[in-house]
Amino acid sequence: MRGPDWTDAENDLIVADYFAMLKEDVAGHRYSKAEHRRALLPRLNGRSEGAVEFKHQNISAVLKGLGEVWIPGYKPAFNFQMPLVDAVARWLARNPVWLDPCVGWRPASGLEDAAPIWIGPPPTLSNQPPPKELEQMLQIARKFDVASRDARNRALGRAGEERVLVHERSSLQVAGRADLARKVRWVSQEDGDGAGYDIASYAPDGRSRLIEVKTTNGWERTPFHITRNELDVADERRAEWCLVRLWNFAREPRAFELRPPLDAHVSLTPTSFQASFDG
């Protein structure tokens, strides 16, 4: 039998406790889920341990929809209620930089020694989540404009570009093209943001690769923003341009590549308009 709906106060309590565990989890620290649960239960309205565990899974699902990291031990469970989404959004609004230390992540031996990025196939219709799950995540992404949050996070964007820069140089070194590796440029840092791509690299055969990097801590289907200039350059230089979508960045960066035309891979939705004065 389903219990009474969770109150806003209960949702706020369990969300705060979840983020306390998540922070330890992302940092690689040991913590006890059972201890957290035992400390939380007396503060709730007679909830069972099973109800608390399931609510943790609901929070994981909400975070997935918001393009955030979640605790792997709490597999996302969907069909949650929107007040829980609001509680997670409230916590994030109060703690906007909670993941900043992870954005600056470096392996112990330095970024230059980082393992190659895992690059897999892009999302397709054949591997999309079940319809109800996908719709709930898209609903969250639309309401809270997940793409804008990632786009505004300059530290995340810069860290993602740097990680791809190192990956490109390392890949060329491994391919025996140290000469090309030395020529790879971080264009957005050296020349500014107006080029329509972030990194100028090369394929091992010497062909030019113009790479636009989009980074998220969330899952591979997290929406992202792309500018009109980036789309124009992608169209004008189709043979060279590609978009590298870096995801799961705070834990173990993974990526896939999209090549023009982008509307063959994603739905492009206008989100802003230029206003000008006539006459």
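Here are several values of Cα extents along the principal axes in Å: (i) 69, 41, 33; (ii) 61, 47, 41; (iii) 65, 58, 38. Which one was derived from the coordinates shown?
Read-out taken from this structure: (iii).
Go through region 253-268 residue by residue and turn each phi into a ³J(HN,Hα) via Karplus (6.51, -1.76, 1.60, θ = phi - 60°); whole Hz please, and just put x for glycine and proline.
Values, residue by residue: x, 10, 8, 9, 10, 10, 10, x, x, 5, 6, 7, 10, 9, 8, 9 Hz.
Rounded to the nearest 500 deg cm²/dmol, what is the calculated helix-only ellipticity per residue at 222 nm for the chain, with -39500 (n - 2.57) per DSSP H run of length n ≥ 4?
That comes out to -13000 deg cm²/dmol.
Quick one: which of LYS183/LYS214; LYS55/LYS143; LYS75/LYS132; LYS33/LYS64; LYS143/LYS214 span more than 18 angstrom between C-alpha atoms?
In this structure, LYS183/LYS214; LYS55/LYS143; LYS33/LYS64; LYS143/LYS214 exceed 18 Å between Cα atoms.
Please arrange THR216, THR227, THR222 by counting, for each residue, the other beta carbons lying within 10 Å of its beta carbon, fewest first.
Starting with the residue having the fewest Cβ neighbours, the order is THR227, THR222, THR216.
Tell me, ILE199, ILE226, ILE59, ILE119 in order of fewest to most beta-carbon neighbours within 10 Å?
Sorted ascending by nearby Cβ count, the order is ILE119, ILE226, ILE199, ILE59.
Once phi is turned into θ = phi - 60°, what whole-Hz ³J(HN,Hα) does the Karplus curve with 6.51, -1.76 and 1.60 give for every residue of region 50-60, x standing for Gly and Pro?
x, 5, 5, 4, 5, 5, 4, 5, 4, 5, 4
Quick one, what does Rg over Rh come out to for region 131-264 if you take C-alpha atoms and the Kirkwood Rh?
That ratio is 0.99, to two decimals.
Each value in this text was obtained by applying a stated rule to the coordinates, not by laboratory testing. Keep in mind it's a predicted model, so treat the numbers as computed, not measured. Heads up, the Cβs are rebuilt from the backbone with ideal geometry, glycines too, and the neighbour counts pull from every protein chain shown.
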